[in-house]
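One structure below.
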Amino acid sequence: MNHLPLQGLTVLEFSQYLSGPSAGLRLADLGARVIKIERPGAGDACRQLAIKNLWADDGSSLLFHTINRNKESFAADLKDPGDLLLVKKLIDSADVVTHNFRPGVMEKVGLDYASVSAINKKIIYATISGYGKEGPWKDRPGQDLLLQSLSGLVYTSGNENDNPIPFGIAIADIICGSHLVQGILAALIRRQKKGVGALIELSLLESLLDFQFELLTTYYTSRELPKRSAENNAHPLLSAPYGIYATADGFIAIAMVDIERLGRALNCEALKDYCQADTFSCRDAIKNILSKHMVGASSADWIGKLQEGHIWAMEVFNWNKIKDHPAYKVLEMEQTITTSRGKKIITTRCPIRFNGERLFSPKPAPALGANNEQILVGLTLTQPA
């Protein structure tokens with residue numbers, strides 16, 4: 001794409017691991033120049049955080065490459081006065097600074113919001129913490145599983161008698177990174193109108209609480225904890241039949257539907273004893289009837305009947321199955337990046353389309369300090385004589 005919407009903007013990313021870098025990934029996909037400021041020798045700690053023990057050929061983890069493609073790397077020791085001066089010069093011409101350090105870390109090196117805005121009064125300074133900069137948890141580790149556990153999210157998946165079940169993905173990091181992008185874009189629009197910078201503050205805990213706004217609003221009103229279904233739970237606030245059901249050869253997801261219509265479509269005699277008004281009070285009984293009925297035929301048989309009845313239902317796919325499906329292929333979600341040493345990695349593209357065009361960015365994650373020379377030359381050219 002010739003002109004991406006954020007082209008011309010420079011982001012200095014002091015962030016590491018997932019939440020801040022996921023925000024930087026999206027900004028880079030949309031055209032921003034994202035420069036990772038990394039510690040010499042070690043760099044972003046995510047370089048050594050492997051998923052499924054998978055590594056690229058440059059010594060960095062596959063995870064690092066999935067979330068840091070399309071960026072540059074500038075190695076600088078923030079405790080070294082000379083390096084810190086160079087970083088401050090970069091700040092002078094940057095548009096956005098992001099970090100996800102614990103409260104107090106950037107203050108110690110003189111790169112807190114007050115100090116940075118004194119260098120560049122129009123800077124957008126965007127931060128992520130685990131629990132906010134105040135309160136008894138402010139210095140606790142902001143790790144995804146810990147946040148899922150504290151926020152109550154682990155009581156939304158699984159069935160009533162199951163132990164707490166976490167999401168099988170770093171949902172706090174990803175959601176918070178998305179919120180950070182929203183805040184940054186809002187601040188950039190305000191800066192365009194009013195010529196002022198902004199301090200954007202998020203925490204993983206606040207993002208996960210917002211993520212549960214449906215459940216929490218219900219709890220604030222009723223003062224009752226959400227109750228998961230005894231079986232086939234998919235959403236603790238929704239009535240039967242909402243859930244996933246085993247068939248003779250797989251699984252089917254059934255969403256919101258009138259229970260009498262569902263009974264007719266499935267030719268399930270036992271469901272005829274229930275009406276729509278029973279779907280909350282008799283949720284477990286209805287789901288139990290469906291569970292026993294659905295194992296009597298294949299997924300394809302049931303899907304045919306359900307679609308004929310215009311009922312919201314889909315077969316449950318794993319990644320092997322969806323990858324070969326035409327509905328997946330038409331999206332063109334995959335892209336190939338090639339590391340600095342020639343290894344090819346298949347990953348996902350940005351999900352946003354802009355003016356009808358898909359946004360591909362095959363530039364690999366940078367080696368540590370790979371762009372120091374280029375960035376220093378740029379600094380020399382932009383500094384007044």
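A few notes on this one:
- For the stretch 81-102, the tally of residues that are under 28 Å from residue 142 (Cβ atoms), within 31 Å of the chain's Cα centre (by Cα) and of a type outside the set (A, V, I, L, M) stands at 7.
- Taken over the stretch 160-219, the criterion of being in contact with a strand residue (DSSP E or B) (Cβ under 7 Å, 6 or more places away or on another chain) and of a type in the set (S, T, N, Q) is satisfied by 203 alone.
- Top-ranked residue of the stretch 318-348 - restricted to ones that are touching a helix residue (DSSP H, G or I) at 6+ places or on another chain (Cβ under 9 Å) and not charged (D, E, K, R), ranked as farthest from residue 258 (Cα to Cα): 339
- Any chance residue 216 is in contact with a Ser or Thr (Cβ under 7 Å, 6 or more places away or on another chain), surrounded by fewer than 17 Cβ atoms within 10 Å (Cβ to Cβ) and without any contact (Cβ under 8 Å) to a residue 40 or more places away in the chain: no
- Considering residues of the stretch 330-358 that are of a type in the set (A, V, I, L, M, F, W, C) and closer than 13 Å to residue 66 by Cβ only, the residue nearest to the chain's Cα centre (by Cα): 350
- Residue in the stretch 203-210 that is over 17 Å from the mean Cα position of the chain (by Cα) and either within 27 Å of residue 64 (Cα to Cα) or surrounded by 13 or more Cβ atoms within 10 Å (Cβ to Cβ) (or both) present: no
- Filtering the stretch 269-313 to residues that are closer than 14 Å to residue 255 by Cα, of a type in the set (Val, Ile, Thr) and not in a helix (DSSP H, G or I) leaves 279, 311.
- Test: residue in the stretch 327-347 that is without any contact (Cβ under 8 Å) to a residue 24 or more places away in the chain, loosely packed, with under 14 Cβ neighbours inside 10 Å and either in a helix (DSSP H, G or I) or among the hydroxyl-bearing types (Ser, Thr, Tyr) (or both): yes
- The requirement of being farther than 16 Å from residue 73 by Cα, at pLDDT below 95 and among the hydrophobic types (A, V, I, L, M, F, W, C) is fulfilled nowhere in the stretch 366-376; no residue meets it.
- Test result for residue 120, touching a helix residue (DSSP H, G or I) at 6+ places or on another chain (Cβ under 6 Å), in the same structural domain as residue 90 (by TED's automatic domain parsing), on the phi < 0 side of the Ramachandran plot and not small (Gly, Ala, Ser): yes
- Close pairs (6 angstrom Cβ cut-off, 6 or more residues apart or separate chains): at negative phi in the stretch 258-269, modelled with pLDDT under 95 and not in a loop (DSSP other than H, G, I, E, B) anywhere: 258/276; 259/276; 263/271; 263/272
The values are calculated or read from the model by the stated rules, or taken from the named source; none is laboratory data. Everything quoted here is computed from the prediction, not taken from an experiment. Positions of Cβ are generated from backbone atoms using ideal geometry, with glycine treated the same way; all protein chains shown enter the neighbour counts.
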